[in-house]
Amino acid sequence: MINGGVMLEANRRLNEKKKEAAEKAIEHTRLEKMSEIEIALNHWQSWKRKANPLDKNNKLNLLKVEAVSIVKVLLPRIDPTQKLTDYVNKVQYVDWLMNLDGGTTWEIELEAVRKQFHGDAISDLQNEYFR
């Protein structure tokens, strides 16, 4: 036989678990977004370490994975009306990066993302990694 006190306690615990699950889902989403930003920043830093290489057609010399990760971060900031699925191949991603509207460049936008994400100070670990 179950009394009212036991039922109230079970209901309270159930509500706490639901609240914790919702908080974990929000945190997971936030961490997932952060990792996308970190990946894009990492690709950008490695491109800069290579002295900003261009290919024979004077286009950015990025792998498709690198271009996709950078566009994935910048597209919602620069042109929220477009979708990542509007772009199919590497050439389209690179062309979008090279022809940004509004008098900005993808490097300026990534620098703004880096400052927003990391603040003005970069940690010692990042300085060590990005040398």
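For segment 37-71, give me the residue count where each residue is assigned to a loop (DSSP other than H, G, I, E, B) and crowded, with 19+ Cβ neighbours inside 10 Å.
1
Show the residue pairs meeting these rules: Cβ distance below 8 Å; 6+ apart or different chains; first residue within segment 106-126 and of a type in the set (Asp, Glu); second residue at pLDDT below 90 and not in a helix (DSSP H, G or I).
Glu109/Leu100
Kindly indicate whether Leu74 is of a type in the set (A, V, I, L, M, F, W, C), in contact with an Asp or Glu (Cβ under 6 Å, 6 or more places away or on another chain) and either modelled with pLDDT of 85 or more or exposed (fewer than 14 other Cβ atoms within 10 Å of the Cβ) (or both).
yes
The values are calculated or read from the model by the stated rules, or taken from the named source; none is laboratory data. Everything numeric here is computed off the predicted structure, so don't read it as measured data. Reconstructed Cβ throughout: ideal geometry from the backbone, glycine too, with neighbour counts over all protein chains shown.
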